[in-house]
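Working notes for the structure below.
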């Protein structure tokens, strides 16, 4: 996921082990500027879908590297993973889910219009 802001681009990368359904997704890469651009380019080179969502990336940047996402982000990330699954399996069900304001996460913008 990427975000373009006034100063520097931001990007995060998640991994999710479908063999361990009780385990939450983990943040496996995150960075600003050149590092963010490298994260995005490596994902694209690997054939991975890159989803751009300023709200989601700003929340994921708060998660420690190699840490599992907090419960406050479960629903938003689950909706995104479900959308990726449908996309990869040829089930087109419209645009990517929007990120709703997340209670309990610093920096979440309650009442704002979520970005896709």
Checklist outcome for this item: Given (1) free of Cβ contacts under 8 Å to residues at least 40 places away in the same chain; (2) closer than 20 Å to residue 9 by Cα, residue 55 misses just (1)
Checklist entry - When residues of the range 41-50 are filtered for being within 16 Å of residue 77 (Cα to Cα) and in contact with a strand residue (DSSP E or B) (Cβ under 8 Å, 6 or more places away or on another chain), how many remain? => result 1
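No lab work stands behind these numbers, since they all come straight from the coordinates. Please read all numbers here as calculations on a predicted model, not as lab measurements. We place every Cβ from the backbone using ideal geometry, glycine too, and count neighbours over all the protein chains shown.
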